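Scroll down for the structure; my scribbles are underneath it.
A short reminder: the numbers here are calculations on the coordinates, not readings from a lab. Quick caveat, the model's predicted, so the values are computed rather than measured. With ideal geometry, Cβ positions are generated from the backbone for all residues, glycine too; neighbour counts draw on all protein chains shown.
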Amino acid sequence: MADRLSLVVFSGTVDKLYPVAIMASGGVALGKDVEIFVTFYGLEAFRKGNPQKNMKMDVNYPEVGPMMMKVMMAKKMPSWYDMLVQAKEMGNIKVHACATTYDLMDMKKEDLDPIVDDVIGVTEFLSRASEGGITLFL
Amino acid sequence: MNATEGVSAADRVLDTRGLLCPYPYIQARQALEALPPGSRLEILTDSEPTAMSSVPILCEQNGYTFTRTKEGDLWRLVVARP
């Protein structure tokens, strides 16, 4: 079995994108290969320009979200995107755009942030995920 | 979003244009399983991910070989079932 962490990123809010970056960082720190499949709102978060301007937080936690953002800024926590870029420099992380969302939204490769490696179908992602030990949905 | 079929040099043509993932994969798999060994299926798609990911992984999983050509926005994949 491959030593691989697979992440399905459905959410596009910053509070969910942080765990993506943190777990990907932890994964490569452990020497794992990390496969990130970004779909629906998750793919929107990886549309070119969005990582830098997306400030959306989960609306279910209106009392906590702004406070968390303040704390993260006060403690100079890097953005989720910068964390992911750094993690990618540390190890083998692949970011795959979901083919369904990509075609549904009539996207082109140039619409995607450069951190996205390729566009793959769900069957290819699941084939790869089934070879690894951990798959998480965010 | 229905695939249509036709006739070509292959034993069967599957037109998946307009279909979203994973339906091109599903319909291609069904079509290939229905064909006898030694047959060829021509798959038409206007989706780059279908041409570059879904059909190749289907072939890899089943030991099929394929050729891929592109004419404008149309990909033509001819899959051979051994």
Quick calc, the range B:3-80, dipole around Cα centre from Cβ unit charges on Lys, Arg (+) and Asp, Glu (-), nearest 20 debye, gives 120
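Exposure proxy check: B:T50, A:T39 ranked by fewest other beta carbons within 10 Å? Could you put the intermediate results ahead of the total?
Numbers: B:T50 29, A:T39 22.
Sorted ascending by nearby Cβ count, the order is A:T39, B:T50.
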Of the residues A:N54, A:M77, A:G26, the Cα lying farthest along the dipole of the protein assembly as shown towards its positive end, which is defined by charges on the beta carbon of Lys, Arg, Asp and Glu, belongs to A:M77
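Mind putting a number on the dipole of chain A about its Cα centre? Charges go on the C-beta only, +1 for Lys and Arg and -1 for Asp and Glu, and I need it in Debye to the nearest 20. Mind showing how you got there, number by number?
Details: 15 positive and 18 negative charges, 96 e Å.
So the magnitude is around 460 debye.
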Between the residues B:C21, B:L74, B:C59, the Cα farthest towards the positive end of the dipole of the range B:3-80, that dipole coming from +1 and -1 charges on the beta-carbon of Lys, Arg, Asp and Glu, is from B:C59
In the range A:50-138, the GluC sites (Glu not before Pro) that sit in a DSSP loop and have at most 10 other Cβ atoms within 10 Å of their own Cβ are A:E63
For B:D11, the net charge from surrounding residues (Cβ-Cβ under 10 Å; K, R +1; D, E -1) works out to +2
Scoring only Lys, Arg, Asp and Glu (+1, +1, -1, -1) among other residues with Cβ under 14 Å from the Cβ of A:K16 yields -2
At 10 °C in a medium of viscosity 1.306 mPa s, the range B:3-80 has a Stokes-Einstein diffusion coefficient, with Rh taken as the Kirkwood radius over alpha carbon pairs, in µm² per second, of 132
Here the net charge surrounding A:T123, from other residues whose Cβ is less than 12 Å away from its Cβ (Lys, Arg +1; Asp, Glu -1), is 0
By the C-alpha gyration tensor axes a ≥ b ≥ c (rounded if a/c is under 1.5, else prolate when a/b exceeds b/c, else oblate), the shape of chain A is oblate
Among trypsin sites (Lys or Arg not before Pro) in the range A:32-79, those in a DSSP loop whose Cβ has at most 16 other Cβ atoms within 10 Å are A:K48, A:K75, A:K76
Note to self: C-alpha centroids of the range A:5-57 and the range A:85-138 sit apart, in Å, by 10
Partner aspartates and glutamates whose C-alpha sits under 18 Å from that of A:K32, ignoring same-chain residues fewer than 8 away, are A:D3, A:E89, A:D117, A:E131
Tilt, helix B:23-34 to longest principal axis of chain B (alpha-carbon atoms), in degrees rounded to tens, equals 20
